[in-house]
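One structure is given below, encoded as structure tokens.
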Amino acid sequence: MQTQACQALDRAHHLHPFTDFKALGEEGCRVITHAEGVYIHDSEGHRILDGMAGLWCVNLGYGRRELVEAAAAQMAELPYYNTFFKTTHPPVARLAEKLCDLAPDHVNHVFFTGSGSEANDTVLRMVRRYWALQGKPEKQWVIGRENGYHGSTVAGMSLGGMAPMHDQGGPCVPGITHVRQPYWFGEGRDQSPEAFGRACAAALEERILELGEDNVAAFIAEPVQGAGGAIMPPASYWPAVKAVLAKYDILLVADEVICGFGRLGAWFGSQHFGLEPDLMPIAKGLSSGYLPIGGVLVGDRVADTLIEAGGEFFHGFTYSGHPTCAAVALKNLELLEAEGIVERVRDDLGPYLAERWAELGDHPLVGEARSLGLMGALELVDPATGERFDKALSAGNLCRDICFTTGLVMRSVGDTMIISPPLVITRDEIDELVRLARQALDETAHRLV
Ligand code: PLP
């Protein structure tokens, strides 16, 4: 299909997620047609390095025949059956075992969903049921973080702390509140990173005391905030938060939708930070985005209570444990493991990206260059002041659009530029990514300064 024909159909009938419909209608869409490895191709013949792995999900890279074949074989055998009403099937049983094998030792169960948002809806219902079964139904409050992202369903957006999402679409789910995020560059530069990390944990404790420690059920957070701007917390943050949660007997929900499956150089971000979460929502890299699947990894404390109590848990989705999605996810995990990809991110690619990415810190437009594993961010600043550009200039979006024409997908969150490439990226491709990012920064500076 020709570019213009595809754009016309799209403009006429397609409402895109997280999009200004009117502006898109006027500008038209780029049409992506095919992909291989770390590259996507558009209908105009451009090859673009996908520095975002789709939406943080194509961990294994594009074009893996093994995943195509796993899907085809499962579709021929049993394309769909549900897991309600005392039924199961081999791919979902095997996937459950594999996930629990990779997860921290105290995690031995998984509840499947179709997406990360559904996983977080499940979290909210499980947390409240858990405390009800413990005879503490007053433990209802869930504390999230400002600028955290946990999905786009009503519960997902309520658990998340994105103000523009809260402002649209009516009241959030009651019983959810948000505390400050450990975003040192954005909010803590008047203190050392370590002092700021501790201050954020202290703010959590203060909120718990305001709500009443007996009323707080859980704290939900991404090990590293992804959609909020690839925000890596100061080293002091997680140990201090863990201590606060233990002091008041509050469950920890570590949202692993982005950090899971190797992004930070460990199977789960929780393992990187030494967390022992009670619940871990997962999705995205679970199938490398080839098919939609998510879930909640459930620690023994919660799982044992839910199981031993008996009585039906009135919750589930038509596609919970979808056999074809499960077969693809299982093959994806097997390939990540067999090819040693998580270890390569930890020992080779992560440190190499850190070294190369840090070089961008010398660019006049960059106030901070940070990375962890294969996730990175650049904070754009006005070279004249070292502070943010005037918002009206939309420096981040400008840089993002320039990147695309330069041949690199880099996402903008305000004036923070983000990368999260496929985990199969090579050192040479990291060099290319850094070169293209610098080229885009130069062009952005040329237009703004
Ligand atoms: N949780 C986190 C941390 C995410 O980054 C996302 C999506 O970006 C979600 C949940 C929601 O996942 P989904 O888009 O699959 O519903």
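Read-outs: derived from the displayed coordinates by stated rules, not from any lab. The model shown is predicted, which means the values in this text are computed figures rather than measured ones. Glycine also receives a Cβ, built like all others from the backbone with ideal geometry; neighbour counts cover every protein chain displayed.
Here the Karplus relation 6.51 cos²θ - 1.76 cosθ + 1.60, evaluated at θ = phi - 60°, turns the backbone of the range 180-185 into coupling constants of 5, 8, x, 9, 5, 4 Hz, with x for every Gly and Pro. GNM on the chain, alpha-carbon springs under 10 angstrom: the most fluctuating residue among 100, 325, 57 is 100. Going down the list 86/284; 136/247; 22/391; 242/391; 22/284, which pairs span over 24 Å between their C-alpha atoms? Distance filter (> 24 Å) returns 86/284; 242/391; 22/284. For the peptides 408-417, 193-202, 116-125, the ranking by mean Cβ contacts within 10 Å, running from highest to lowest, is 116-125, 408-417, 193-202. With the cut-off at 1.5 for a/c, could you classify the range 174-288 from its C-alpha gyration tensor as rounded, prolate or oblate? Oblate, since a/c reaches 1.5 and b/c is not below a/b.
Just for the chain, what percent of DSSP beta bridges are antiparallel, to the closest 5?
Working: 32 of 45 bridges.
Once the DSSP bridges in the chain are tallied, antiparallel ones form about 70 percent.
Gap in Å between the Cα centre of the range 237-270 and the Cα centre of the range 31-92? For the range 31-92 versus the range 237-270, the Cα centre distance is 28 Å. Using a Gaussian network model of the chain in which every pair of alpha carbons under 10 angstrom is joined by a spring, one finds that among 380, 24, 297 the greatest mean-square fluctuation is at 24.
Structural descriptor for the range 1-138: relative contact order 10 percent, calculated from alpha carbon pairs under 8 angstrom and at least 6 residues apart. For residue 173, nonlocal amide neighbours, meaning residues 5 or more places apart or on other chains whose placed amide H falls under 5 Å from its own, are 158. Working note: 222 nm ellipticity from helices only, DSSP H runs with n ≥ 4, each -39,500 (n - 2.57), summed and divided by the residues of the chain, gives -12500 deg cm²/dmol to the nearest 500.
Mean silhouette area of the range 52-100, derived from the convex hull of its C-alpha atoms and averaged over all directions, reads 4.8 nm². Taking other C-beta atoms within 10 angstrom as a stand-in for reagent exposure, 178, 109 fall in the order 109, 178, fewest first.
Between 423, 393, 252, the residue with the greatest mean-square fluctuation in the GNM of the chain (Cα pairs under 10 Å linked by springs) is 393.
Couplings 3J(HN,Hα) of the range 87-100, computed from phi: 10, 8, 7, x, x, 6, 5, 5, 5, 4, 4, 5, 4, 6 Hz, in residue order, whole Hz [Karplus 6.51 cos²θ - 1.76 cosθ + 1.60, θ = phi - 60°; x for Gly and Pro]. Note on the chain: percent of Cα-Cα distances in each 20 Å bin, starting at 0 and stopping at the bin with the largest distance, equals 24, 58, 17, 0. Close amide-amide hydrogen proximity is noted between residue 61 and 423, 424, each under 5 Å apart and 5 or more residues distant or on a separate chain (H modeled in the peptide plane; Pro and chain starts excluded). Mind jotting down the distance between the C-alpha centroids of the range 283-315 and the range 376-449, whole Å? So the two Cα centres are separated by 37 Å.
Count Lys and Arg as plus one, Asp and Glu as minus one, and take only other residues whose Cβ is under 9 Å from that of residue 248; the net charge is then -3. Among residues other than residue 270 with Cβ under 13 Å from its Cβ, the summed charge is -4 (Lys and Arg +1, Asp and Glu -1). Annotation: the residues 62, 248, sorted from fewest to most other C-beta atoms within 10 Å of their own C-beta, follow the order 248, 62. Computed from backbone phi, the HN-Hα couplings of the range 224-238 come to 10, 5, x, 4, x, x, 6, 9, 8, x, x, 4, 6, 5, 5 Hz, rounded to whole numbers (Karplus: 6.51 cos²θ - 1.76 cosθ + 1.60, θ = phi - 60°; Gly and Pro given as x). Placing one equal scatterer on every Cα of the range 86-175 and applying the Debye formula, the log10 ratio I(q)/I(0) at q = 0.23 Å⁻¹ is -1.14.
Peptides 235-243, 272-280 ranked from most to least packed give 272-280, 235-243, packing being the mean of other C-beta atoms within 10 angstrom over each peptide's residues.
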